[in-house]
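Input: a single structure, listed below in structure tokens.
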């Protein structure tokens, strides 16, 4: 089921409009402070700025004062949020109620990880937010002040410039409620709200608010309950938000399509693709920061690929020279085949590459195509099984008959 | 005083001549060295077995994509090579290889080790920001004059062990003002001498330690002190550590790039460091807030304890760090102090055991008092 | 290395020696690393051959054995036994197939010889990396669980209990007997009297080796041949559950009838006096064959093959029982007009042809037709049809009896999931091989008998029950130890991160999840060594004991040299 098409009939239609006079960040932080007070949650997981630095770290907090430096949408993605969740709940469920405010790609990665039994989502309220993207990590580190200024602009203009990371610039999944699973045409909009299989309970809408207000959008009864406990009415119309989201979505779809067409040209064929990875030093940073790469020990780090010296020598003799470390393309293509069906295009791989190889862009392109052929959208529907763990007899008939070779 | 093979070619060409000689005469079955991958400066270590491919060899290129000691260890992990191979690597890479061999992670057998007095390497990103061409030309000037090249990696600018130990041959670069005309290859061992019988060039006697190398060493020691002192700008103690590692992503890239970190499954990547939710919840209660993933600094200190006694200050850790934390400087500082305590220089002598694996009754008696 | 590999090439009578230059093969391979001796022999699987190999192993003090001969499916076990008896661990052995994969496939002798040499080299490379795996032994439980108390289940219970096995007979309904109990009579040459069935039911009830659990269902089954555990839920007795331990299971859950409401053209459920076969049996058994208005019918149409097109198979028994009904109607209601509508006549058994001919002689009309449409007309049933030849026609009758297809019984798919058994396209349980292994399932120790496997008559059901019982009696001997598969998968704990991908692809249910440790665990007794899990694990945490990366890599590398 592809959930990338957006149909405003399926989007939640009512929510709470909250004035953001004191700034969006402060407004959101205040809401969560209140939620702790009112005991909607026992603890909040949110990015917090590390004092005296420009770095952000995930903090699970009970102490409200820690929220003072919190920012639900920092200019950069440091640790992928799903990884933070995994370190918390891999070995079991939380007994306390947690609200986790994550970017859409981080939520989707978390849902994928829960399908791989790496995250237990019980007692975790996932709260998503409209995301305009993130700044390239190296740019931010080089000049945080400059990046912060640009990012402020990005939040206001939303997608009108491409100073964000390339995969963010082409991201068409920036507002999760527009991607909630479609149901049949027969059910009425109200029922659809209930029937949506939400990985999120609540969504913070920013689009259409013009920096003056934010939209708190409940996606299911639990979300509505949270708003109730926060003493917020959830019957305001979300028309402006819906309209703006559709508008930006259309734009992004176009941008993505064009970008991918161009990229495809650049990497198609063994020679071009290998050339892309010429500078790769096999540090495997991309794999290590990737939320979907969950293996305790990556196959490509294991001894499976270590051979005897004679083998290396004879391989070298075949071509005259043998490059080390070996198997650069094997690593990338192998990692791709293992994880690309769950790739959420979060781009942390590209941020982590010391050689500035456009890993995220390449993997996202392949992800789009492979996910489409399985009609699979990662991280949208908690119940949808992973394609590689699911056997359907009735699929891929097109590969059953060999094509005629002229 | 050692025997020195003088080849009447510029140092880069001379090095290539040496390699060509070794391969064509079949004294070695293969050459392990840096090779050009494209015209944009990308280089990669390669095992070259056909003389034709030597055309692309750039053994002295001032870039280190990966620590070659780590590669050679992987090469000979299962067993020693059975044919002679010449390997060209830097001082720190060679020292790392020696340290790994002390831990049975490789074998020296059948290697002809060729090194050079090292002028340092440039940051990896000079390949991607296009500055490498300029830098490389600058490199030879600085090396000739025994000066620190301005854009060289901070780690290299602070490295005083640029004269390799345990190499069979050393190509002299630092302080050699006849770099463009002549290539001087110091033959440090009997093996080095045997393998160069019949090589194109003449043998003279020279000392590898010169006034120039001493000059550079002094400059580098100054830089080292400066670099280490800079670390103190964040203060000291836990607060300083938190600040220094504020941006750390716990990607463990530093560990994976480090030649000394050889564990197939690092303890910090294993289940030992995956905690029950209840542990997190208890800590949350106690502290009001916990950073996730946990153990950011714990990992670094743990890794330090495990490997810093053999840290050769190669700087790969800083190179691969996505958030520019000066890991190499931090680890070298601690490594330096620790190694001095044990009077141990990693990679100097293959017979010298790693201090952590040895017991001496008469040491650190001051602690007992 | 200090291996002493013995390589023996079988001439296989003329099969291999004619198509491969064995002498040249021996020449080439005897210089391979580790090979101590390379010889040929006429027929290695013969007694002489086996003795020869055993002698060679001892004489040459071989550390590894390589035999180049036929397919492992033929004789891998044979030669492994030779190794075992000669004191060599049977897993330090590799059988290279140069018959099916070389001699029988490649016509050019040069090419065949070249390929044989390559394969043998590859095998020699691989065998040195084999580990001397050890066989394990487990105690087996001789008791048997039979699911389904119909005639198949009852027969199996009697066969097994008669040999002193404890049998648990689980039946969903309150009574034993299944479908057969609804019949009014059997076919005459089957001994029309149902008393014989009643006798069997009584025997089984009186047999102290059989524990009958009626109004009960199987809820869960775990384990493997010789060592199953089943949870039985009782619908009476306050719905308690009972756990039993058995060594084998027979599934005999029978069938139900295709619902003719799915083929509305027959008017079932809408038009009065349209019955299906079981309803007619019940009516016959009651002794009174009457229409809804209380009168006996004067004309009856029997329509075969109801649902046959929809289901896509013939149910084998309906033609005969329809003829049985027709003759029964004639006996009970003399003068009645009976028409049988069929699309094909299925008369497979010895006495069937005669039975049919007699029926025709007795004036029963047999009409080949299809395209039915039944309508109510003037108080009668108007049966419209298209006869063979294309002509459309119709007859008016008082009563119509439909012969619907036999379909799998109610809980077949649920049971299939519990037992991890495959179903075929028709929804019945799938046997391992229709011809060569018709009552076994891929799960060792679980058999299916009777209509649960597909439509059949009573004699065939009895045969299958006896066959299943026989298989169990010979493989599950009291006191016998079970030797599970040795070439299994193993999971390295430290590297398993508990994603359960291997679990989801394991067909045999051999992998379970340890909640506390958060890792998957292979049950080595159930694992069949198929390797699907190995392929599915992205990190390589799960490995095969006999198909390791180094082994496969070495083999392929050598083959490509």
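The values are calculated or read from the model by the stated rules, or taken from the named source; none is laboratory data. Because the structure is a prediction, the values reported are computed rather than measured. Counting neighbours? That spans all protein chains shown, and the Cβs are built from the backbone with ideal geometry, glycine included.
Miscellaneous remarks
- In region A:299-308, of all residues being at the interface with chain C (Cβ under 7 Å from one of its Cβ atoms) and out of contact with any helix residue (DSSP H, G or I) (no Cβ under 6 Å at 6 or more places or on another chain), the one that is modelled with the highest pLDDT corresponds to A:299.
- Scanning region C:488-499 for residues that are facing another protein chain (nearest Cβ under 9 Å) and buried (at least 19 other Cβ atoms within 10 Å of the Cβ) yields C:495, C:496, C:497, C:498, C:499.
- Just one residue in the set A:70, A:84 is at pLDDT 95 or above and out of contact with any helix residue (DSSP H, G or I) (no Cβ under 8 Å at 6 or more places or on another chain); that residue is A:84.
- Subset of region B:186-233 (residues that are closer than 18 Å to residue B:167 by Cα, touching a residue at least 24 places away in the same chain (Cβ under 8 Å) and part of a helix (DSSP H, G or I)): B:191, B:192, B:193, B:195, B:213
- A single entry from A:393, A:383, A:404, A:398 fulfils the requirement of being at pLDDT below 95, more than 14 Å from chain B (Cβ to nearest Cβ), over 17 Å from residue A:263 (Cβ atoms) and part of a helix (DSSP H, G or I): A:398.
- Residue satisfying condition, being crowded, with 16+ Cβ neighbours inside 10 Å and closer than 30 Å to residue C:511 by Cα, within set C:226, C:254, C:267: C:226
- Index of the failed condition, residue A:323 passing every other in (1) at pLDDT below 95; (2) away from chain C (no Cβ under 12 Å); (3) assigned to a helix (DSSP H, G or I): (3)
- Scanning region A:326-375 for residues that are within 28 Å of residue B:259 (Cβ to Cβ), within 14 Å of chain B (Cβ to nearest Cβ) and part of a helix (DSSP H, G or I) gives A:328, A:329, A:331, A:348, A:349, A:350, A:351, A:352, A:359.
- Number of residues in region C:533-545 that are more than 27 Å from residue A:315 (Cβ to Cβ) and more than 11 Å from every other protein chain (Cβ to nearest Cβ): the value is 3.
- Just one residue in the set B:121, B:28 is surrounded by 21 or more Cβ atoms within 10 Å (Cβ to Cβ) and touching a strand residue (DSSP E or B) at 6+ places or on another chain (Cβ under 9 Å); that residue is B:28.
- So residue B:181, is it exposed (fewer than 14 other Cβ atoms within 10 Å of the Cβ) and farther than 30 Å from residue B:305 by Cβ: yes
Conditions tested, residue by residue: (1) in contact with a strand residue (DSSP E or B) (Cβ under 9 Å, 6 or more places away or on another chain); (2) outside the structural domain of residue C:128 (by TED's automatic domain parsing); (3) assigned to a loop (DSSP other than H, G, I, E, B).
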residue: C:16; (1), (2), (3): yes, no, yes
residue: C:19; (1), (2), (3): no, no, yes
residue: C:26; (1), (2), (3): yes, no, no
residue: C:32; (1), (2), (3): yes, no, yes
residue: C:54; (1), (2), (3): no, no, no
residue: C:76; (1), (2), (3): yes, no, no
residue: C:83; (1), (2), (3): yes, no, no
residue: C:89; (1), (2), (3): no, no, yes
residue: C:105; (1), (2), (3): no, no, yes
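- Going through (1) over 28 Å from residue B:151 (Cα atoms); (2) in contact with a helix residue (DSSP H, G or I) (Cβ under 7 Å, 6 or more places away or on another chain); (3) not in a strand (DSSP E or B) one by one, residue B:86 falls short only on (3).
Residue-wise test of (1) outside any loop (DSSP other than H, G, I, E, B); (2) more than 8 Å from chain A (Cβ to nearest Cβ); (3) in contact with a strand residue (DSSP E or B) (Cβ under 8 Å, 6 or more places away or on another chain).
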{"site": "B:9", "(1), (2), (3)": "no, yes, yes"}
{"site": "B:33", "(1), (2), (3)": "yes, yes, yes"}
{"site": "B:55", "(1), (2), (3)": "yes, yes, no"}
{"site": "B:78", "(1), (2), (3)": "no, no, no"}
{"site": "B:92", "(1), (2), (3)": "yes, yes, no"}
{"site": "B:101", "(1), (2), (3)": "yes, yes, no"}
{"site": "B:106", "(1), (2), (3)": "no, yes, no"}
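- Residue match in region C:160-176 (condition: assigned to a helix (DSSP H, G or I), outside the structural domain of residue C:66 (by TED's automatic domain parsing), touching a helix residue (DSSP H, G or I) at 6+ places or on another chain (Cβ under 8 Å) and crowded, with 18+ Cβ neighbours inside 10 Å): yes
Yes/no per residue for (1) facing chain B (nearest Cβ under 8 Å); (2) within 28 Å of residue A:358 (Cβ to Cβ); (3) touching a strand residue (DSSP E or B) at 6+ places or on another chain (Cβ under 8 Å):
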residue: A:57; (1), (2), (3): yes, yes, yes
residue: A:68; (1), (2), (3): no, no, no
residue: A:96; (1), (2), (3): yes, no, yes
residue: A:102; (1), (2), (3): no, yes, yes
residue: A:140; (1), (2), (3): no, yes, no
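- Residue A:363 satisfies every condition listed in (1) over 18 Å from the mean Cα position of the chain (by Cα); (2) surrounded by 19 or more Cβ atoms within 10 Å (Cβ to Cβ) except (1).
- Residue in region A:275-294 that is within 9 Å of chain C (Cβ to nearest Cβ) and either surrounded by fewer than 21 Cβ atoms within 10 Å (Cβ to Cβ) or part of a loop (DSSP other than H, G, I, E, B) (or both) present: yes
- Within region B:43-53, being within 20 Å of the chain's Cα centre (by Cα) and either closer than 20 Å to residue B:140 by Cβ or more than 8 Å from chain A (Cβ to nearest Cβ) (or both) holds for one residue alone: B:43.
- Per-region count, region A:80-94, residues facing chain B (nearest Cβ under 7 Å) and in contact (Cβ under 8 Å) with a residue 24 or more places away in the chain: 8
- Number of positions in region B:17-59 that are out of contact with any helix residue (DSSP H, G or I) (no Cβ under 9 Å at 6 or more places or on another chain) and more than 14 Å from residue B:198 (Cα to Cα): 3
- Listed by position, the helices (runs of 4 or more DSSP H) inside region B:286-369 whose residues that are closer than 30 Å to residue A:279 by Cα and either at pLDDT 95 or above or within 14 Å of chain A (Cβ to nearest Cβ) (or both) number at least 3 are B:296-307, B:316-320, B:327-341.
- Flag if residue B:14 is under 28 Å from residue B:314 (Cα atoms), in contact (Cβ under 8 Å) with a residue 40 or more places away in the chain and more than 10 Å from chain A (Cβ to nearest Cβ): yes
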